[in-house]
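In what follows, a structure is listed as structure tokens, so that the remarks can point back to it.
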Amino acid sequence: MKKILVTFQFAASAILIILTFAVYKQIRCMTNNDLGINLDNMMAVALPDIPFNQDNIKNIDSFKTELLRYPAIDRISGSLIIPGTSSPSLLAWKENTEFKDGKMLSI
């Protein structure tokens, strides 16, 4: 019985060491690899939670139009969440299309 417990503990330790190394490699990969986007000169602005209805869609569209009047702002994108934070779903729409044409996506 002792040999079985010692063998089990050794196997469990080896598995934990291997899994720790795998997690370390994944984290290193995420922090060192190119993201495919340039995050310089980008800003995320969290707006208050608002209900999703036609009036608020018009308000968001007019807010977007006002922001685009500034020459320093090149493009604007909208999201119900700030990327990288957890959420059960998000609303996405194509660039140069109306906010109301967005699709709800489950994460």
Over all distinct Cα pairs, what is the inverse of the mean 1/r for region 1-72, reported as the Kirkwood hydrodynamic radius in Å? 18.2
Contour excess over end-to-end distance, with Cα ends at Tyr24 and Ser77 and 0.36 nm allotted per residue: 15.8 nm
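Computed from the coordinates by the stated procedures, all read-outs in this text should not be read as laboratory data. Please read these numbers as outputs of a predicted model, since none were measured by experiment.
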